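**Q** Sending over a structure as structure tokens; questions will come in a sec.
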Ligand code: AMP
């Protein structure tokens, strides 16, 4: 905790600068996925109901401090007005905002990254932004791993609080890792060890159970002597994998690696495959690949989940985009979802592919919380203090 929410702020008649993440996919000038827009509605509605005047601050794309017309937030305006059910005043420039006599009821400032001061976290630029409001509200958890003027410096210049989405993210993440109900476990899957070293190192010091899946599990098995043919694996990280196993043993974290896998010669949907046992002595042919965990592993994972009170999930347990290599991910996700639905587990998941995999399993709705933040969720799992969150605590 240590941060304030909208409940702690007096908003009546106040100009509220709200940092949101509406960096949504756009094709031919139309928003193709409104998830991020939909998720900020509770915050904006709440501020309006409390008599505040929200001015939304947001980035779109990477214009690198220059005005790039293709990256104007104006193209997001129709989708935003639709989600909020009311008109929004679009403010073209910071200068125009500064020149305004009256603050509009609800407004959106043009792409904040058109200004070089934003990504530089320039205090003078943040002071200009702060002059536009009385209160600052950060609802962009997914941008909180960046120390930018509209996420960091501004929070130190005004009374600051978390918006509803940020509040939900922080509460879920704090419940899952800062002070979890034990035993606490994690599933870490996905392609590569190399992208998740810091995360694995942080987790083994904190968890009771670590389930390693996906291509990353191949690297762990191969580090112990398994010869896994054409499987995705990273020989440069065999030592890292061994170090992580040693750290886990020292800190009393049980590591569960696959004991069997689905092996195929083709990385494609419906490819011929068979189940093989996996251990230190496994020897695959040169053209064989492990693409998913097998049935014995699924059974082990499910029974390991039953002993847990808290579960964190990042990354699929196999090549889930190409069935049947989604089998382990789907089965494990459904088991966690059922336990959560029954009130026996707190399950928190995050990361781009993870959200897609859990949706595919039909498990997402029953998880306690699904974070849509990619980089910020991973940095939080790495144990890093996110600058945007630290500034809210200051
Ligand atoms: P990441 O972005 O690190 O979470 O990795 C997700 C990707 O890992 C997905 O695209 C999966 O298809 C891929 N993946 C998981 N397991 C395997 C595997 N055994 N072989 C090849 N790719 C895999």
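**Q** Being under 25 Å from the mean Cα position of the chain (by Cα) and surrounded by fewer than 19 Cβ atoms within 10 Å (Cβ to Cβ) narrows it down to one of 79, 120, so name that one.
**A** 120
**Q** Provide a single number: the residues in the stretch 359-377 that are closer than 19 Å to residue 142 by Cα, in contact with a helix residue (DSSP H, G or I) (Cβ under 6 Å, 6 or more places away or on another chain) and outside any loop (DSSP other than H, G, I, E, B).
**A** So the count comes out to 5.
**Q** Among 186, 198, 175, 155, which is the only one that is in contact (Cβ under 8 Å) with a residue 24 or more places away in the chain, farther than 24 Å from residue 262 by Cα and buried (at least 21 other Cβ atoms within 10 Å of the Cβ)?
**A** Checking each option against the conditions leaves just 155.
**Q** Ok, one more. For residue 304, only one of the following conditions fails: (1) more than 14 Å from the ligand (Cβ to nearest atom); (2) modelled with pLDDT of 95 or more; (3) within 26 Å of residue 21 (Cβ to Cβ). What is its number?
**A** (3)
A quick yes/no check of all residues on (1) farther than 21 Å from residue 308 by Cβ; (2) surrounded by fewer than 23 Cβ atoms within 10 Å (Cβ to Cβ); (3) within 13 Å of the ligand (Cβ to nearest atom):
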{"position": "322", "(1), (2), (3)": "yes, yes, yes"}
{"position": "325", "(1), (2), (3)": "yes, no, yes"}
{"position": "329", "(1), (2), (3)": "no, no, yes"}
{"position": "340", "(1), (2), (3)": "no, yes, no"}
{"position": "345", "(1), (2), (3)": "no, no, no"}
{"position": "349", "(1), (2), (3)": "no, no, yes"}
{"position": "352", "(1), (2), (3)": "yes, yes, yes"}
{"position": "357", "(1), (2), (3)": "no, no, yes"}
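**Q** Kindly provide the set of residues from the stretch 225-260 that are free of Cβ contacts under 8 Å to residues at least 40 places away in the same chain, in contact with a strand residue (DSSP E or B) (Cβ under 7 Å, 6 or more places away or on another chain) and within 15 Å of the ligand (Cβ to nearest atom), ordered by number.
**A** The answer is 260, and nothing else.
**Q** I'd like the full set of residues that are in contact with a helix residue (DSSP H, G or I) (Cβ under 7 Å, 6 or more places away or on another chain) and closer than 15 Å to residue 313 by Cβ, limited to the stretch 214-232.
**A** none
**Q** Let me ask something else. Of all residues in the stretch 24-45, count the ones that are touching a residue at least 60 places away in the same chain (Cβ under 8 Å) and crowded, with 19+ Cβ neighbours inside 10 Å.
**A** Adding up the residues that qualify gives 5.
**Q** As an exercise: evaluate residue 46 against (1) in the same structural domain as residue 136 (by TED's automatic domain parsing); (2) farther than 17 Å from residue 140 by Cβ and give the number of the one condition it does not meet.
**A** Tallying (1) in the same structural domain as residue 136 (by TED's automatic domain parsing); (2) farther than 17 Å from residue 140 by Cβ, residue 46 fails exactly one: (2).
**Q** If I filter the stretch 308-320 down to residues being assigned to a loop (DSSP other than H, G, I, E, B) and within 11 Å of the ligand (Cβ to nearest atom), which single residue comes out as farthest from residue 292 (Cα to Cα)?
**A** So the residue we want is 315.
**Q** Now for a different question. Of all the residues that make up the stretch 1-13, how many are more than 27 Å from the chain's Cα centre (by Cα) and surrounded by fewer than 19 Cβ atoms within 10 Å (Cβ to Cβ)?
**A** The number of residues fulfilling the criteria is 3.
The values are calculated or read from the model by the stated rules, or taken from the named source; none is laboratory data. For clarity, every value in this text was computed on a predicted model and none was experimentally measured. Note: ideal-geometry Cβ built from the backbone for every residue, glycine included; neighbour counts use all protein chains shown.
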